[in-house]
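Take a look at the structure set out below.
The values are calculated or read from the model by the stated rules, or taken from the named source; none is laboratory data. Owing to the predicted nature of the structure, the values given are computational and were not obtained by experimental measurement. All Cβ positions, even for glycine, are placed from backbone atoms using ideal geometry, and neighbour counts span all protein chains on display. For accessibility, only protein heavy atoms count, side chains too; no ligands or nucleic acids. Shrake-Rupley method; radii C 1.70, N 1.55, O 1.52, S 1.80 Å.
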Amino acid sequence: MATQESGQQQPGTSRGRRAVLGAALLGAGTAVAGLPGVARADQRHGHGHGHGGYKELPKPTVIAHRGASGYRPEHTFGSYQLALDMGAHVIEQDVVPTKDGHLVCRHENDITATTDVAAHPEFASRKTTKTVDGTKYTGWFTEDFTLAELKTLRAKERIPGTRQHNTLYDGRWDVPTLEEVFQWAEKQGRKRGRQIWLHIETKHPTYFRKLGLGLEEPLAKLLRRYGRHKKNSPNFLQSFEPSSIQRLAELVSAPRVVLLSGASSRPWDFVEAGDPRTVADLIKPEGLEWMAEYAQGIGPTLDLIIPRKADGSLGTPTTLVEDAHEAGLVLHPYTMRNENTFLPANFRKGTDPAAYGDAFGAFKAYFETGIDGIFSDNPDTALLAAADFADD
């Protein structure tokens, strides 16, 4: 890690916070490796230098959501590299398959909003309407492209109206494969003398299995090829479908996390199997104990940790953190972002939905519940908030 610049204020000061956010927004790339708070958190907790697995990670663990997606188009090497340079403890990848069975990193198989596919006349006929997990989408989908075809596309910002500054990087990077991410992590690990932690999600696994493009087997094969299949390997495997995690538990020993959406929702594999349980059932003590049989953690939406009131402000924390810990599960809730539009109402500033609100205040409220980590689009902000919390 780079040392702090002469005269720079220590972490926790408002000036230091402004400097961090400003550097990121100006596209500071690798120069942000020495951000205030980053080196300190890294050195204090070891940052996974050892081989004791996920229990060695710093707490709160900062997970870069799709990379540093608050500053670069998501799931690009620009986003991943910036997250790593900022000091994120773990970097997330969502994986979907290509027509020829390669795993690529996209949040969704619908690539209409995250690539320039619409500008490629040679792929105009590929535009179609599909139903994925009960929802209709019209656009272009990874399973209709070979990897070679997909590699002719360029990534772009998914929500340009909110993150106009990210559009500066449209077209700069392509769609990475998961294997390329593993190779990148190996190279960065050698360079930095430590393991690079990843958080890998299987997207729509039941949908893809029906297409003959099951995700778990090729994922397990890649994990084994790169030595990331063991119980102390530097990655988490995650899915919103418990059956995907159960399947992965039979294939590899890497730590696993069940993702949980809103309380009234049902995992899609439950819908397909006729299982009547909802997320509300899964977060009861008996549901948590059931998940603990095959997973080491859960990734609940933040609203399951602290529900929002009718006016959008934070309410009273639930007992989920305590209950999950009682079952032996770690909690990695999602997702904290700096912009007003994503923050609880009591942490918004001004009327511009794309402007930054009081993200530090929101982070503190969530950290105080005892969560083990958090997904964030803004890893620099999350790291400073975690450092503030550790000092309290």
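With the checklist (1) open to solvent by 50 Å² or more (accessible area, probe 1.4 Å); (2) out of contact with any helix residue (DSSP H, G or I) (no Cβ under 8 Å at 6 or more places or on another chain); (3) of a type in the set (Gly, Ala, Ser) in hand, flag the one item residue 273 doesn't pass.
(2)
Is there a residue in segment 176-186 that is more than 20 Å from the chain's Cα centre (by Cα) and surrounded by fewer than 20 Cβ atoms within 10 Å (Cβ to Cβ)?
There is no residue in segment 176-186 that is more than 20 Å from the chain's Cα centre (by Cα) and surrounded by fewer than 20 Cβ atoms within 10 Å (Cβ to Cβ).
Do you know which residues across segment 145-161 are surrounded by 18 or more Cβ atoms within 10 Å (Cβ to Cβ) and either touching a helix residue (DSSP H, G or I) at 6+ places or on another chain (Cβ under 6 Å) or part of a loop (DSSP other than H, G, I, E, B) (or both)?
145, 153, 154, 156, 157, 158
Name the residues in segment 337-375 that are in contact (Cβ under 8 Å) with a residue 60 or more places away in the chain and of a type outside the set (Ser, Thr, Tyr), would you?
337, 338, 339, 353, 354, 360, 367, 371, 372, 373, 374, 375
Taking the condition of being of a type in the set (S, T, N, Q), farther than 25 Å from residue 166 by Cα and surrounded by fewer than 22 Cβ atoms within 10 Å (Cβ to Cβ), how many residues in segment 84-142 meet it?
Of the residues in that region, 5 qualify.
Can you run down the residue pairs with Cβ atoms below 6 Å, 6 or more apart or on separate chains, where the first is in segment 109-136 and free of Cβ contacts under 8 Å to residues at least 24 places away in the same chain and the partner is open to solvent by 40 Å² or more (accessible area, probe 1.4 Å) and among the aromatic types (Phe, Trp, Tyr)?
What qualifies is 130/137.
Within segment 163-200, work out how many residues are in contact with a helix residue (DSSP H, G or I) (Cβ under 9 Å, 6 or more places away or on another chain), under 23 Å from residue 149 (Cα atoms) and not β-branched (Val, Ile, Thr).
Selection size over segment 163-200: 10.
Suppose we keep only residues that are of a type in the set (D, E, K, R) and farther than 14 Å from residue 298 by Cα within segment 254-270. Which one would you say is most open to solvent (accessible area, probe 1.4 Å)?
266
So if I check each of 266, 277, 337, 348, which one is at pLDDT 95 or above, out of contact with any His (no Cβ under 7 Å at 6 or more places or on another chain) and farther than 29 Å from residue 235 by Cα?
The match here is 348.
Quick test of your reading of the structure: residue 189 fulfils all but one of (1) open to solvent by less than 60 Å² (accessible area, probe 1.4 Å); (2) over 30 Å from residue 133 (Cα atoms); (3) not in a helix (DSSP H, G or I). Name the failing condition by number.
If we test residue 189 against (1) open to solvent by less than 60 Å² (accessible area, probe 1.4 Å); (2) over 30 Å from residue 133 (Cα atoms); (3) not in a helix (DSSP H, G or I), just (3) comes out false.
Report yes if residue 221 is basic (Lys, Arg), touching a Ser or Thr at 6+ places or on another chain (Cβ under 7 Å) and over 19 Å from residue 143 (Cα atoms), otherwise no.
In short, no.
Tell me, which helices (runs of 4 or more DSSP H) wholly within segment 306-392 include 2 or more residues that are open to solvent by 50 Å² or more (accessible area, probe 1.4 Å) and out of contact with any Lys or Arg (no Cβ under 9 Å at 6 or more places or on another chain)?
It comes to 320-326.
Of the residues 368, 339, only one is among the charged types (D, E, K, R) and over 19 Å from the mean Cα position of the chain (by Cα); which?
368
Within segment 258-299, count every residue that is closer than 15 Å to residue 245 by Cα, not hydrophobic (A, V, I, L, M, F, W, C) and not in a helix (DSSP H, G or I).
Adding up the residues that qualify gives 6.
So for segment 228-238 (the condition being open to solvent by 60 Å² or more (accessible area, probe 1.4 Å) and assigned to a helix (DSSP H, G or I)), does at least one residue qualify?
Within segment 228-238 (the criterion being open to solvent by 60 Å² or more (accessible area, probe 1.4 Å) and assigned to a helix (DSSP H, G or I)), the answer is no, since none of the residues qualifies.
Looking at segment 185-201, I want the residues that are farther than 21 Å from residue 220 by Cβ and have a partner that is surrounded by fewer than 17 Cβ atoms within 10 Å (Cβ to Cβ) and not charged (D, E, K, R) with Cβ atoms under 6 Å, at least 6 apart or on another chain. Which pairs are those?
As it stands, the answer is 194/49, since those pairs meet every condition given.
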